[in-house]
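Here is the structure we will look at, set down as structure tokens.
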Amino acid sequence: MKKNISRRSFIQTTSKASAATLLLSGVPSIVPASVFGKNAPSNRINIAAIGNGRISRIYDMPEVWQNEDVQILAVCDLDSNRAKDAKTLVEKYYTEKSGKPFNGVNMYTDYRELLLNKDIDAVIISTPDHWHTKIGVDAVRAGKDIFMQKPVSLTIKEGRYLSDEVRKTDRIFQIGSQQRSSPQFRYAAELVRNGRIGDLKKVYVGLPGDPSGNEELEMPIPENLNYDMWLGATPEVYYTEKRVHPQSNYGRPGWLRCEQFGAGMITGWGSHHIDSAHWGMNTEYTGPIEVWGSAEFPKSGLWDVHGIFTTYAKYANGVEMVVSNELPNGVKFEGTEGWIFVTRGDYRVTASDPVADSNGVKPLDASDPKIITSQIGANEIHLPVSENHHRNWIDSIKSRKEPIAPVEAAHRSCSACLIHHMAMKLNRKLYWNPETEQFKNDDEANSMLSRLQREKYAVKYE
């Protein structure tokens, strides 16, 4: 499916910005077959990691490189120090694995140059949220399969466009909603969909919270950071370290708490839990029809995402949803004959994740223990099984079958989160049409389905 496209035409179609930030050309590397055991290089999937921050280093790259039939061929980050660190990290792993010095990882600081490397089959996108759609669209048009950290988009219009482009190009896309590969979340959804708690009536979604911060003074832009490109399609604002990411470590980045680049915990963790809720509700490919609620927003400071909030939603099947950071972290399904609660417990992807300790809360609990111990019969609903989220993606690349967390389900869960966010901002009830993906008789709400973009990094809706 890879498109035959020249370097010049690709750069011109993706952006008019200069590609002078390239560190190294995408020269294919030859890796000894001994590094990969019985998996011959000709059968290997070559993967590149775009965005080399904490989630990439601690989670995405290690989950991929442990597989014998893949190779991380390239790394890319707009911060050249992070790109160098990522190259060193991956080469250290392969050196230790093979027992021989290895320096075959290509390094880029411009993802557009990376996508021109025809030896790369697939990419992991672990960038800030505001870059997800642009890189994703460019990647599938370049013939690459994608693993993308959630949320799938910054706006609903972007998400719809990316989902359509993935399907149009017949690419494999897996969103990083790894709860679908956690047995307790799958089993909870199966129990609910098979009627173990009677008719489902309400779903409670508890999310972590994010603190606000102080005002931050303008700082000189580090020489190693292409800050203009890092801002991407979002407005130009002065550089300060807490707006971007730490320069001295891989701690939790400040952009997560800036509305310019995301929506806060409603999409940061909401994309996980609302996706799990949709799985149990059998509403993966639709969305709410009514959403309302309120939130507190910081009145000052650099970090301006929502604070304490409670929002509500109603779906066409009559099920109601409550989402709040004042509820226990997890998803509770409440039916006419009992309830089921599912959570990650103490699980963290990285040490700096803002997740409260479980304090003894069970990963899977119910109003009656018999609900959990019941067996799902052969003729009942069985959801797809994945034991490892990245491995499921790799298997899908090989089989060309849909992965466990496909792009349209990712778009729908992200859309629901964004609608909750709009309700927080507007502080009134919104009426949503999941089929047309428009609000009913509400020009103000519909104007929030997209954002103004800086032209040279804009998503082109073609």
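The values are calculated or read from the model by the stated rules, or taken from the named source; none is laboratory data. As the structure is a computational prediction, the values presented were derived from the model and not from experiment. Glycine gets a Cβ as well: all are built from the backbone with ideal geometry, and neighbour counts include every protein chain shown. Surface accessibility is based on the protein's heavy atoms, side chains included, excluding ligands, DNA and RNA. Shrake-Rupley method; radii C 1.70, N 1.55, O 1.52, S 1.80 Å.
Out of the total accessible area of the chain (probe 1.4 Å, heavy atoms of protein only), what percent is carbon and sulfur? Walk me through the numbers before you get to the answer.
Working: 9560 of 19120 Å².
So the carbon and sulfur contribution to the accessible surface is 50 percent.
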Practice task
Note the angle between two axes, namely the Cα long axis of helix 389-399 and the longest principal axis of the Cα atoms of the chain, as a number of degrees from 0 to 90, rounded to the nearest 10.
Solution key: 70 degrees
Practice task
Provide the per-residue ³J(HN,Hα) series for the range 364-371, in order, calculated from phi with Karplus coefficients 6.51, -1.76, 1.60 and θ = phi - 60°, each as a whole number of Hz, with x at glycine and proline positions.
Solution key: 9, 9, 8, 5, 9, x, 5, 5
Practice task
Search the structure for amide H atoms under 5 Å from the amide H of E290, placed 1.01 Å from N in the peptide plane, and list their residues when 5 or more places away or on another chain.
Solution key: K314, W432
Exercise for the section: Assuming R0 = 51 Å, can you tell me the calculated FRET efficiency for the pair T373 and S447, based on Cβ-Cβ distance, to the nearest 0.05? Expected result: 0.50
Practice task
Give me the distance between the Cα centres of the range 408-462 and the range 94-159, rounded to whole Å.
Solution key: 26 Å
Practice task
For D170 and N388, compute 0.36 nm times the residue count separating them, minus their Cα-Cα distance, and round to one decimal in nm.
Solution key: 76.2 nm
Exercise for the section: For E296 paired with K100, estimate the spin-label separation in nm (one decimal), with each label point 7 Å from Cα along the Cα-to-Cβ line. Expected result: 6.1 nm
